[in-house]
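Undergrad: Below is the structure I would like to discuss, written out as structure tokens.
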Amino acid sequence: MVTDLTCDPFELFPEQVETVELWKYASSARNNVKLADMQAIVKRSTNSDAFGDYGTRIATRRFHVQTETIPADLRDPDQLLDLIIKAKNRAYKITQASRGDDMTDGTTTFVTIYAQPYGRNTL
């Protein structure tokens, strides 16, 4: 029996939703282009490649992005690769994206994006 129950994480966990920016970075001689402000649930984690010292931050960050906040021409996950997400004070380069399909009604509730830290903050 199918019910009207939806598992939209943006409705279930509204206090976890934050605004992130989607950017297309250009070469150093050109301006970068801000593509959108998006609503996302950010799954935070971190790790380093050097223990006992600062090292490099290498953890993949996962974002569940509300589909309606992604520009229409970029909702296909293939279009998101190599773009940049800015969340709070850090930038991330998108390395993987997948659709969060709701199999009961055929809608895409969210897109899951995996991104690597981009650039480096100085000490």
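Undergrad: How far apart, in nanometres, would the label points at Ala26 and Leu12 be if each is projected 7 angstrom from Cα along the Cα-to-Cβ direction?
TA: The modelled label-to-label distance comes out at 4.1 nm.
Undergrad: Here is a follow-up. Taking amide H positions as placed 1.01 Å from N in the peptide plane, with prolines and chain starts having none, which residues 5 or more places from Ala97, or on another chain, fall under 5 Å of its amide H?
TA: Sorted by chain and number, the residues that satisfy this are Tyr114.
Undergrad: Something else about it: Output ³J(HN,Hα) for region 68-82: one whole-Hz value per residue in order, computed from phi by the Karplus curve 6.51 cos²θ - 1.76 cosθ + 1.60 with θ = phi - 60°, and x for Gly and Pro.
TA: Result, rounded to whole Hz: 5, 8, 8, x, 3, 6, 10, 6, 6, x, 4, 6, 8, 4, 6.
Undergrad: Counting only residues 5 or more places away or on other chains, whose amide H sits under 5 Å from the amide H of Ala91 once H atoms are built in the peptide plane?
TA: So Ala91 has HN proximity to Tyr118.
Read the figures in this text as sums done on the coordinates, not as results from a lab. The structure displayed is predicted, hence computed values, not measured ones. Cβ sites come from the backbone with ideal geometry, for glycine too, and all protein chains shown count toward neighbours.
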